[in-house]
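The values are calculated or read from the model by the stated rules, or taken from the named source; none is laboratory data. Note that the structure is predicted; figures quoted are calculated from it, not measured. All Cβ positions, even for glycine, are placed from backbone atoms using ideal geometry, and neighbour counts span all protein chains on display. These area figures cover heavy atoms from the full protein model, side chains too; ligands, DNA and RNA do not enter into them. Shrake-Rupley method; radii C 1.70, N 1.55, O 1.52, S 1.80 Å.
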Amino acid sequence: MSLHYLVREPLKKTENPPLLILLHGYGSNEQDLFSFAEELPEELLIISAQAPHSMGFGGYAWYAINFDDVNGKFSDINQAKSSIDTIASFIDEIKAKYNTNKDKTFLLGFSQGAILSYALSFHYPNKVNYVIALSGYINKDLLPKEMVNNIKTQYYTSHGTVDQVLPIDWARQSKPFLDNLGLQNVYSEYPVGHGVAPQNFYHFKNWIEERL
């Protein structure tokens with residue numbers, strides 16, 4: 001397999017289970033979002049992927065974030081694009097291995113994972129049916145030069161109003177961007193920092209349930 005992962009098999013068995021793939025944030029690991037699994041719908045096959053780049057001490061990244069005196073903070077765009085391709089291959093591997101429902105693939109990312117979830121949905125149109133982007137934003141440096149017009153993916157986006165890592169203003173640009181492309185999306189804000197409030201969790205859980 002392209003990536004190391006944790007799996008929660010469906011608690012309600014079906015021949016072709018709906019698939020939820022979890023992409024953690026910078027410096028975290030596959031255990032982080034996997035804590036959501038026990039509260040999510042029983043019919044889901046839940047896969048929590050580990051990013052490929054080790055940071056030591058149990059932390060991993062999908063791409064490097066570098067700091068210097070000249071540029072401040074900047075992302076390794078080439079590394080990010082490579083991770084998008086790796087995640088796309090991984091999704092195909094999981095679909096084949098577990099014989100999942102091809103029309104019900106959910107991709108949930110937090111922070112760096114959310115940034116890549118957005119980008120993947122444009123580079124690989126309709127590979128995933130639903131994107132849940134938590135505390136992330138649409139990084140235009142990661143988008144294809146030409147956008148296709150046959151994307152049917154739906155988006156759930158949320159952000160903390162006092163996020164100290166990724167500014168709320170960045171996240172607020174996602175809805176007009178998606179609206180302009182005619183893509184179905186919802187956007188929510190919560191009075192938290194760089195994290196997921198309980199109300200936020202139940203909101204996106206309901207959003208998932210409505211689409212199963």
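What the table shows:
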| quantity | calculated |
| --- | --- |
| Qualifying position, being within 18 Å of THR105 (Cβ to Cβ), charged (D, E, K, R) and not in a loop (DSSP other than H, G, I, E, B), among LYS152, LYS127, LYS205 | LYS205 |
| Selection within the range 131-149 - closer than 26 Å to PRO18 by Cα and either assigned to a loop (DSSP other than H, G, I, E, B) or among the acidic types (Asp, Glu) (or both) | SER135, GLY136, TYR137, ILE138, VAL148, ASN149 |
| Subset of the range 139-167 [open to solvent by less than 30 Å² (accessible area, probe 1.4 Å), in contact (Cβ under 8 Å) with a residue 40 or more places away in the chain and over 22 Å from PRO191 (Cβ atoms)] | ASN139, LEU142 |
| Scan of the range 1-24 for residues that are out of contact with any Pro (no Cβ under 9 Å at 6 or more places or on another chain) and closer than 17 Å to PHE90 by Cβ, ordered by number | MET1, TYR5, LEU6, VAL7, ARG8, LEU19, ILE21, LEU22, LEU23, HIS24 |
| The range 128-157: number of residues that are touching a strand residue (DSSP E or B) at 6+ places or on another chain (Cβ under 7 Å) and over 18 Å from TRP62 (Cα atoms) | 8 |
| Spans of strands (runs of 3 or more DSSP E) in the range 1-100 with at least 2 residues surrounded by 14 or more Cβ atoms within 10 Å (Cβ to Cβ) | 5-8, 19-23, 45-49, 53-56, 59-61 |
